[in-house]
Amino acid sequence: MSGDGRVEIAQRRDGGLIDKFQRAYRWISEQAILPTVADLEFGPSVKLAQGELTISLHEQESFSSFILLPLLTLMTSRRMVFVGAPGRGKTSVAVLMSLLAGYPLEQVRRAVQHGHPQLTIGDLLGSPLPSDLVQAKSAQDIRVSWRDWITLRVKVIDEYNRIPTKTQSALLSLMAEGYAELYEQLVESGNSAWYLTANDEMGGGTFPVIEALKDRIDVVVRCTPFHSQHLGVLAERIASASSAEQFVPDDLIFTAAQLDEVDREIRAVPVPNDVLDLLGFFLGQLDFCRRASDQLEFMNKDTLHLANRRVAHVCTEDCPLDKQLNLCSQTENGVSPRTYQSIIHYGKALAWFRGAGEVTAETLRQLLPWTLFDKLHINPQSAFFQKAENKVYLIDRAAWIRQMFDRALQQHAAYQKARKPLLELQLGCTDLDSLNAAELKHKSEAIRKAIQELVRRNELNGPTHEDLVRLKGLHSRCRAAMARRGGAK
Amino acid sequence: MDDWPTELERLVCQLQEDGPRRYAGWRDDVFMVIVCGPAKGMWARMAHAEPNDPAAAQRTMADYLRLVHEAVGLGYIRQADRATTFLDECLRFFIPFHLPQVESSLRGSVLAKVWNLAEGLAREPWLSEYVRIRLRSEIDLMRIEKQIEALLVPVLSPTRPAVWAGTYRILMLNLRDECEEFLPGEIYLAAPAVVCVRDRRHSTCLGILLQRNGATELLGEIDALPAYSDDTAAPLVEFTENAATIAGRRVELPCLGRPHTWVAAPTAGFVIASAVDSQRLWIVEAA
């Protein structure tokens, strides 16, 4: 009650943060952006088939990657790219993320950086004060007037693939290292979520995108086409002169402290060892190339690329592996540790958002098409794609990645029995310095036998290679521990 | 809205415009149903009760409309055609009917008190439903706090732990008394001592309050509440024809046959079962 006897409604404390993000998702997808495709589908499904067409209806809630992944990016302060034709809502979604982070619309619009061929480093980052330039006797005397957008929690770069290569390098430093430097002055960007847009799926715009910048992108999301069922909404927006990204309701806006708390809660979500093992089992195969070298450690695609060769050159009938079964034949490359980190972080965020206690294989399955979208290059010459039913994967990259993971899931399950002794052996080697010389020698012998057995029983494919490298590494650590004890012979 | 003063009309328009800006869950249709129905009725009663002080009536109406606005935005008032929470019921019925009779200098504090009480209850959906059903025809806005307290004391008082090895009391509850065609389907716990029973064929849901010493009572039709997970260890229950063995002790359950569904409420000390072909519930109470 106020002093004059009127009823006053007190400032409300937010309920749970998960609930708030879920409400944000619902509001954006039901009232603002209206995506028609829910391509992150969970739970068992009922399949309705008619001829070649199969439609899956899932039991649990499905989500649109076009809305959910930007939200996950906001939660994790990572970096994503929207790709798609003009006018599909890429910038609108990015602006909505900025509004959710509490920035007013005018500030957000001014802060969007628009890529164009004449964009200089100064335009992007800032420039020295002219008076300082004239009077300065050394670089330290020059003060830089940094652009305001650099310190915002949400950063939007429109058409990043139209930025000149030299300016891309300056952007790279900011995105990758979190700081920018001019005239020996530094500005730090702080924890921030990055939203970049590109009109061309291959990232090819006016300038080629430098590989290092592409590698910093954690997730690539495709725009979804507009569906005519929402024409009424568009007509209403014309009538009322409103737009999708005009505002977000006050009760969805997050404070900086709340976003920090979300970050902490997400990082605390556990990833079970078997899920990590599955992820390693899948992605480890993609780096493998049996034809790259005779030496175990160099049987990978990097060896090929350094010799200016491609997988297509060597993945032929000369390689004894079955191209239909082995995933290594499908890709031109593997992925970096940075990509593993992105997948794990987004996995935690997705599990948190869904209220799940931990990351599961299903979480990975839903995320991998987007986290690997731009990271994996298809080997179109692979015999796998010559089969009629697989040709569609040359076009639909998300479906291609998902089918690879599904195959890996099956292989992982089938391979587990054979791998169990190896994993137990690895577990027994976690604290080698606590073992005495005799125990170390015994361990070393066991590893040698395991390697022999592995080679004897299995063909040298991606999973076998992973385990051989693992065992050889364990053997090396054992010998090193023995040497520290003076027991090596 | 012809009888509304201009200031109230302006306030309604402002609240309508503000609604989607403040609340992700804003429902303009629901807001306008309350404005054009209960609010209008309340204004007419207020004008009749206090014809010489329209300013006071207007102030009360403005406070009320702002609370309705907040309730719609936060989802306490969700449906246009019926009340689904105690707070909804208060704003839709109790306040419009009874507040005009309250002395004008006290109306603000009564509004605030009702809101705070009802919003507090909303944190426990089953409590909100229980109070909503119980207070329907008996509410006194000036004594509402005492009334709610009187209702809640018996249901919130700690009960002695159930002794499953002792004697059992059997109660048969005929749900037909509440709803003519009700056929018990899914039974689940909504709170340690509250059970929801869904109709097998329709969307009706009945609530039952489990109380010791044979005081279990049918609450009536309720909104389906969220399921509650009781962490207390449940006794081992096995059903045979017309009987159950609970924690090793046999209990006769005449005419049950084999149960259609059943649930244990271990904290409250009850086992509840329905039959395949009966509108009754068999309720077994532990000592």
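The values are calculated or read from the model by the stated rules, or taken from the named source; none is laboratory data. Not measured: the values here are computed from a predicted model. Neighbour counts are summed over all protein chains in view; Cβ atoms, including those assigned to glycine, are modelled from backbone coordinates with ideal geometry.
Some notes on this structure:
- Filter result for B:ALA57 (hydrophobic (A, V, I, L, M, F, W, C), without any contact (Cβ under 8 Å) to a residue 40 or more places away in the chain and more than 30 Å from B:TYR228 (Cα to Cα)): no
- Residues that are loosely packed, with under 13 Cβ neighbours inside 10 Å and closer than 28 Å to A:LEU364 by Cα within the range A:294-324 comprise A:GLU297, A:ASP322, listed in sequence order.
- Leading residue by the ranking (nearest to the other protein chains (Cβ to nearest Cβ)) among those in the range A:217-253 that are assigned to a strand (DSSP E or B) and within 17 Å of A:SER92 (Cβ to Cβ): A:VAL221
- Residue within the range A:93-113 that is in contact with a helix residue (DSSP H, G or I) (Cβ under 9 Å, 6 or more places away or on another chain) and farther than 30 Å from A:LEU186 by Cα present: yes
- In this entry, A:GLN31 is excluded by the filter for residues that are in a loop (DSSP other than H, G, I, E, B), within 19 Å of B:LEU74 (Cα to Cα), free of Cβ contacts under 8 Å to residues at least 60 places away in the same chain and within 14 Å of another protein chain (Cβ to nearest Cβ).
- Test: residue in the range B:200-210 that is surrounded by 14 or more Cβ atoms within 10 Å (Cβ to Cβ), under 18 Å from the mean Cα position of the chain (by Cα), farther than 19 Å from B:GLU124 by Cα and free of Cβ contacts under 8 Å to residues at least 60 places away in the same chain: yes
- Output for the range B:222-259, where each listed residue is of a type in the set (D, E, K, R) and surrounded by 15 or more Cβ atoms within 10 Å (Cβ to Cβ): B:ASP223, B:ASP230
- Test: B:PHE97 is away from chain A (no Cβ under 14 Å), within 23 Å of A:ARG6 (Cβ to Cβ) and either buried (at least 24 other Cβ atoms within 10 Å of the Cβ) or modelled with pLDDT of 85 or more (or both): yes
- Residue in the range B:64-84 that is more than 14 Å from B:LEU141 (Cβ to Cβ), away from chain A (no Cβ under 14 Å) and either part of a helix (DSSP H, G or I) or more than 19 Å from the chain's Cα centre (by Cα) (or both) present: no
- Taken as a whole, the structure places A:GLY334 among residues that are in contact with a helix residue (DSSP H, G or I) (Cβ under 7 Å, 6 or more places away or on another chain), part of a loop (DSSP other than H, G, I, E, B) and under 19 Å from A:PHE288 (Cα atoms).
- Candidates A:ALA450, A:ALA483, A:ALA408, A:ALA418: the one that is under 23 Å from A:ASP274 (Cα atoms) and surrounded by fewer than 16 Cβ atoms within 10 Å (Cβ to Cβ) is A:ALA418.
- Count of residues meeting criterion [touching a Cys at 6+ places or on another chain (Cβ under 9 Å) and not in a helix (DSSP H, G or I)] in the range A:415-433: 1
- Qualifying positions in the range A:325-351 - of a type in the set (D, E, K, R) and surrounded by fewer than 16 Cβ atoms within 10 Å (Cβ to Cβ): A:ARG338
- Among residues of the range B:174-188 that are outside the structural domain of B:ARG198 (by TED's automatic domain parsing), none has a beta-carbon under 9 Å from a residue that is of a type in the set (Val, Ile, Thr) at least six positions away or on a different chain.
- Hits in the range B:14-42 (condition: more than 14 Å from every other protein chain (Cβ to nearest Cβ) and more than 22 Å from B:ILE95 (Cα to Cα)): B:GLN14
So that you can scan it fast, the table gives a plain yes or no per residue for (1) in contact with a strand residue (DSSP E or B) (Cβ under 7 Å, 6 or more places away or on another chain); (2) more than 10 Å from every other protein chain (Cβ to nearest Cβ):
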{"position": "B:MET61", "(1), (2)": "no, yes"}
{"position": "B:ARG92", "(1), (2)": "no, yes"}
{"position": "B:ALA112", "(1), (2)": "no, no"}
{"position": "B:TRP126", "(1), (2)": "yes, yes"}
{"position": "B:ARG136", "(1), (2)": "no, yes"}
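- Options B:GLU50, B:GLU7; residue that is surrounded by fewer than 20 Cβ atoms within 10 Å (Cβ to Cβ), under 22 Å from B:SER105 (Cβ atoms), touching a helix residue (DSSP H, G or I) at 6+ places or on another chain (Cβ under 6 Å) and modelled with pLDDT under 95: B:GLU50
- All positions within the range A:254-267 that are touching a residue at least 40 places away in the same chain (Cβ under 8 Å) and either surrounded by 14 or more Cβ atoms within 10 Å (Cβ to Cβ) or in a helix (DSSP H, G or I) (or both): A:PHE254, A:ALA256, A:GLN258, A:LEU259, A:ASP260, A:GLU261, A:VAL262, A:ASP263, A:GLU265, A:ILE266, A:ARG267
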